[in-house]
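Read-outs: derived from the displayed coordinates by stated rules, not from any lab. Predicted model only: the values in this text are computed from it and were never measured. In this analysis, Cβ positions are derived from the backbone assuming ideal geometry, glycine residues included, and neighbour counts consider all displayed protein chains.
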Amino acid sequence: MEKYLSQLNEAQLEPTIQVNGPMIIIAGAGSGKTRVLTYRIAYLMSKGIDSFNILALTFTNKAAKEMKGRIADIVGDEAKNLWMGTFHSVFAKILRFEGHHLGYPSNFTIYDTQDSQKLMGAIIREMGLDKDLYKTKQVYSRISSYKNSLVTVKAYFKNPELMEADAMARRPKMGEIYKEYVDRCFKAGAMDFDDLLLRTNELLTRFPNVLAQYQDKFRYILVDEYQDTNHSQYLIVRALADRFQNICVVGDDAQSIYAFRGANINNIMNFQKDYDGVKMFRLEQNYRSTKNIVGAANSVIEHNKTKIDKIVWTANNEGEKVIVHRAMTDADEGRYVASTIWETKMNNQLPHSEFAVLYRTNAQSRAIEDALRKRDLPYRIYGGLSFYQRKEIKDVTAYLRLILNSADEEALKRVINYPARGIGQTTIDRLVVAANASGRTIYDLIKNIDSVSININGGTKNKLRDFVTLIESYKVMNQTANAFDLSEHVTKTSGLIRELSKDGTPEGITKIDNVQELLNGIKDFVEGQMELADAGDSLAEFLEDVALATDLDGDKGDPDHVALMSIHMAKGLEFGHVFIVGMEEDLFPSAMSMNTRSELEEERRLFYVALTRAEKQAYLTYTLSRYRWGKLIDAEPSRFIEEIDEEFVNIVTPLKERFNPMLDASIFGDIEPNRVRFAKPKTAKLQKKESMKTMKKPEKFIISTPKKLKRVKHAKVSDASNVVDTKLTVGNTVNHQRFGRGEVIKLEGSGADAKAEIKFQNGVTKNLLLRFAKLEIL
Ligand code: ATP
Ligand code: MG
């Protein structure tokens with residue numbers, strides 16, 4: 001048997017080596033669903049199935065990349081041929097080849113959410129509609145939901161119910177906006193995110209030959225996180241799998257958290273009806289979390305009525321109970337999170353990447369960030385603007401998009417007067433009107449400005465001509481130069497860099513750095529492509545990656561950071577220590593999602609997802625008052641806290657007790673009274689004992705309040721001589737519990753801040769705080 005298969009338990013092995021036929025794995029969090037998918041692909045390949053015939057659909061690009069990496073470890077370079085990625089990225093690739101059937105150019109642009117919303121905003125304005133009634137974001141999500149339910153413009157106008165619903169919502173013009181938006185995207189040679197699915201469906205239904213071709217190609221299809229597929233995705237999978245029926249889906253109904261975006265939990269429930277002879281597998285052993293975490297999560301999800309009953313157990317350690325902490329305010333909550341991370345990290349010598357802070361709404365990150373910054377803890381927020389959505393980056397990529405597809409209206413509007421060239425908004429508006437009236441693209445009009453009758457004066461016409469000349473020169477260069485050379489040339493000659501340099505502020509300088517970073521990225525991409533035999537148009541492919549990049553992809557900067565993200569974003573991920581903050585009624589469960597049982601159950605599944613991300617320790621925090629909607633409101637602990645079985649939680653502060661300054665000293669500053677209660681005398685004692693063994697110079701060890709902590713000294717370092725009075729000096733050989741033997745190469749700081757840089761024999765160099773690093777001088 002292949003060696004990697006021994007890394008699976010029996011229940012996991014069965015579906016892994018089940019090669020043919022439809023199959024579904026329904027199993028709880030952390031039970032190895034993703035691992036089975038990964039190993040199953042390796043196994044299929046080892047059984048002679050061609051990597052070109054396998055399609056794996058994942059929830060994020062990052063997950064796809066990691067899976068591919070793992071498969072490559074097992075099967076080698078063949079893994080490169082696998083079709084693996086998110087629905088959007090895989091089907092964008094197919095549409096590049098096949099989009100011409102639907103009238104799209106192969107170099108179609110992908111409009112990201114920002115582009116789509118800008119266009120919708122423009123349409124609402126052009127139609128003279130009330131922008132308070134027609135809020136761009138609402139219009140966007142409405143149109144998105146039509147598309148994901150495969151309601152085309154034509155279907156919309158044949159559906160009185162939909163039209164009535166929009167009229168009732170005081171948006172009777174929705175259909176017209178929808179139509180205009182779709183027409184404009186089409187004319188611009190652009191697809192938005194939803195089009196990537198909608199058009200694929202259209203392609204596979206209208207063109208049976210194309211469908212047959214891809215059915216034949218994708219003989220084995222695997223889908224992760226199946227519970228979160230929407231109708232459009234579901235239909236694509238079903239169409240493609242219809243011929244060979246070798247389809248393997250994995251998921252957990254208890255983790256379905258995207259109903260609000262059209263995901264349909266019934267896709268998982270009905271799988272058995274969709275195919276003949278479905279084999280169903282269950283995995284029950286959780287490998288991720290401690291018994292306490294698994295127990296807590298199980299007891300929470302029990303409260304949902306709609307669910308597939310399943311068992312989740314673990315052979316892992318009991319671990320610590322889930323800690324529930326009450327804070328006064330969000331700032332106080334942030335302080336608690338930061339100081340707990342800091343202390344845990346120091347006590348256990350953990351990297352920052354072991355910690356994650358999860359929240360229900362992105363707005364909650366601010367207070368956490370402030371607190372982490374004060375502690376100098378590096379962090380990264382996921383799910384904000386992706387790198388590629390920053391203004392300066394979008395400006396550069398808009399030029400590149402325009403070079404490839406000059407019909408791209410959003411790209412053109414972005415750069416036609418940036419950097420400023422004296423082409424004003426009035427001119428642009430007139431061009432838009434003329435373009436709409438004539439069915440031509442704006443670029444086409446400008447290019448032929450002399451033969452177009454339009455009210456634009458001679459001076460402005462000259463400027464427009466110059467702009468076209470500039471873009472045309474880039475197009476010529478694109479025929480021979482590689483994507484990197486072209487992009488670098490564009491940033492220099494378009495005036496973009498010059499424009500950014502004018503702004504001497506640190507923000508301005510960061511923007512220039514970002515542009516440089518983008519260029520580096522393009523360079524890497526081009527170099528990576530040169531290794532590929534069938535490298536296509538590198539600029540087009542790079543731009544596609546950019547459009548579909550999410551914030552989870554392509555980690556930039558130091559990977560050792562605390563991760564901050566919304567719970568939705570954390571799906572499928574795992575961290576040693578997880579803080580779930582803002583555990584308050586109306587926040588989590590969200591006030592907007594408590595109207596029906598099914599909404600509340602989705603919130604509870606979200607909580608289940610959050611809890612099950614933790615491997616070793618989960619913390620739940622709530623505040624007594626919080627600023628919301630501009631007001632300080634009294635908050636109440638979330639009902640979800642009480643739903644956890646008592647035996648798995650450690651409620652450090654009573655849930656219902658009102659704030660009492662006499663009891664709760666944290667109002668007096670940084671002292672956190674809960675910390676005192678945390679400190680089990682045993683722990684302190686144990687540490688003392690260990691210190692006596694290792695440090696030879698026992699000091700007082702009371703882990704209580706941060707203030708007292710400061711008094712704990714292991715080693716005094718005289719700044720001048722850099723010599724520690726505990727005999728620790730540069731050159732000493734020391735032993736560390738986790739890192740083993742090493743040599744002291746630098747000492748700095750004094751008292752509680754005394755640090756030593758130690759080069760360990762295992763090759764790593766660490767900067768350790770002496771009062772926590774239990775060093776033994778050898
Ligand atoms: P989720 O529902 O959160 O997506 P999952 O079911 O996909 O979870 P995995 O992410 O595949 O679970 O596995 C959870 C963790 O357990 C991973 O760290 C994985 O490497 C580990 N794991 C899974 N199976 C085994 C096994 N048989 N032996 C050791 N570790 C395992
Ligand atoms: Mg998974």
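Descriptive notes on the structure:
- Where only alpha carbons of the range 160-309 are counted, the Rg and the Dmax (Å): 19.8, 57
- Altogether, the Stokes-Einstein calculation at 25 °C and 0.890 mPa s, with the Kirkwood radius of the chain over Cα pairs as Rh, returns a diffusion coefficient of 83 µm²/s.
- In a simple Cβ point-charge model (Lys, Arg +1; Asp, Glu -1; nothing else charged), the chain has a dipole of about 1920 debye relative to its Cα centre.
- For the listed peptides 95-105, 213-223, a ranking on the average number of other beta carbons within 10 Å per residue, highest first, reads 213-223, 95-105.
- Total formal charge among the other residues, if their Cβ is under 10 angstrom from that of residue 651, Lys/Arg +1 and Asp/Glu -1: 0
- Gain in span if fully extended, residue 430 to residue 202, counting 0.36 nm per residue against the direct Cα distance: 78.6 nm
- Applying 1/(1 + (r/R0)^6) with R0 = 35 Å to the Cβ-Cβ distance of residue 455 and residue 176 gives a FRET efficiency near 0.85.
- Of the Cα atoms belonging to the range 324-428, the radius of gyration and Dmax stand at 21.5, 64 Å.
- For residue 357, distant residues with modelled amide H under 5 Å away: 563, 564, 565, 579
- With the convex hull drawn over the C-alpha atoms of the range 1-153, the volume per residue is 174 Å³.
- Expressed in units of 2.2 N^0.38 Å, where N is the residue count, the Cα radius of gyration of the range 390-535 is 1.14.
- Each peptide in 243-256, 497-510, 267-280 receives the mean, over its residues, of other Cβ atoms within 10 Å, and ordering these scores from highest gives 243-256, 267-280, 497-510.
- Viscosity 1.002 mPa s, 20 °C: Kirkwood-radius Stokes-Einstein D of the range 233-343 over Cα pairs, µm²/s: 121 µm²/s
- Semi-axes of the equivalent ellipsoid for the range 211-272, computed as √(5λ) from the eigenvalues of its C-alpha gyration tensor and ordered from largest down, come to 22, 12, 8 Å.
- Principal semi-axes of the equivalent ellipsoid, √(5λ) from the alpha carbon gyration tensor of the range 372-453, are 37, 13, 11 Å from largest down.
- 25 Å Cα-Cα threshold exceeded, pairs from 391/631; 475/523; 65/374; 68/511; 394/463: 391/631; 65/374; 68/511
- Across the range 1-145, C-alpha contacts under 8 Å between residues 6 or more apart give a mean separation that, scaled by the residue count, equals a relative contact order of 15 percent.
- Paramagnetic reach from residue 130 (point 7 Å along Cα→Cβ, amide N under 15 Å) across the range 154-185: 167-174
- FRET efficiency estimate (nearest 0.05) - Cβ-Cβ, residue 243 to residue 6, R0 35 angstrom: 0.55
- Dimensionless Rg ratio for the range 110-246, taking C-alpha atoms and the 2.2 N^0.38 Å reference: 1.18
- Inter-site label distance for residue 149 and residue 481 at 7 Å from Cα along Cβ, in nm: 4.9 nm
- Since only 149, 185, 127 are under comparison, the one whose Cα sits farthest along the positive direction of the charge dipole of the range 113-204, derived from C-beta charges on Lys, Arg, Asp and Glu, is 127.
- Mean Cβ neighbour count within 10 Å, used as a protection proxy, ranking 629-638, 616-625 highest first: 616-625, 629-638
- Spacing of the modelled spin labels on residue 627 and residue 276, each 7 Å from Cα toward Cβ, amounts to 6.4 nm.
- The chain: relative contact order as a whole-number percent, Cα under 8 Å and 6+ apart: 14 percent
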